[in-house]
Amino acid sequence: MQSHWDESPSFFILRGASVEQRPHITNPPVYLLGIDTSTTVGSVALFHHQIPILSTTIYLDKSHAQLLARGIDSLLALAGITSRQLSAIALSQGPGSYTGLRIGASTAKGLCFSLDIPLISVDTLASMAHQVLPFAAPEDIFCPMIDARRMELFWCLYDSSLQPLWPVQAHVLSPESENLFLNYSHVWIFGSASTKAAPFLGTDRFQKVEDIRPSALSIGHLAYSKWLNQQFADLAYFEPFYLKEFYSNKLTNDY
């Protein structure tokens, strides 16, 4: 099912940091809202008892603060619930677009404060790797990449349990970039920077996947283990993981 209206996101019905201490929680949240604004293609997803029921893609521009708020309101209305029924909000924490991350964090924190519900922050790059896991072997390695500017990108390396093998970092592509992967036999590369990175990673050890981007659906899925482990962001001090300063008007289209 898909709905369309001017300047509003389309919706798809789907079936099928520091830690704040809160009272012990054993059950998953009834309704969880996932938010990703780490790139120019943002998204919001609603989960009910761990099952995604609604998702929307929001093509962000200079008015993306308003678009995000409108998208959330429309998503909840289409689901037939109010924000008061949300149990938690899961947020893509970065790295990514400085402005996008800032708007996402401001919106999510505002909702959490007003509703007195926890905020769960999720590694943006890990959420991308999560999308590739079903296609990979247990011994495979995953390298999500987000385009930054010129020959720069944000990336990290994960194993099949989504444990990072090196820190999330900003990297400038060069002929030496391939040497960072010499200890790995099969590496999946994907994300908005993978096309520009591929010529620098030219051996048979790499397998490129198209159309993988940060997603509120993956953010929501990964948030559930954090919920059960009571790994909540401290609302008073939470800041997105910007990684580097914002380059105004000099970003690539994918950033």
Problem - Positions within the range 175-198 being more than 18 Å from the chain's Cα centre (by Cα), under 20 Å from LEU243 (Cα atoms) and hydroxyl-bearing (Ser, Thr, Tyr), in sequence order - result: SER177
Fill in the blank from the handout: Only unsatisfied item for ILE72, checking (1) in a helix (DSSP H, G or I); (2) touching a Lys or Arg at 6+ places or on another chain (Cβ under 7 Å), is (2)
Exercise for the section: Run ASP116 past the list (1) more than 30 Å from TYR237 (Cβ to Cβ); (2) assigned by TED's automatic domain parsing to the domain that holds PRO29 and report the number of the one that doesn't hold. Expected result: (1)
Completion exercise
Among the residues of the range 73-114, the number that are farther than 14 Å from PHE47 by Cβ, of a type outside the set (D, E, K, R) and crowded, with 17+ Cβ neighbours inside 10 Å is 18
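The values are calculated or read from the model by the stated rules, or taken from the named source; none is laboratory data. Bear in mind the structure is a predicted one, so any value in this text is a computation, not a measurement. Cβ: placed from backbone, ideal geometry, glycine included. Neighbour counts: every protein chain shown.
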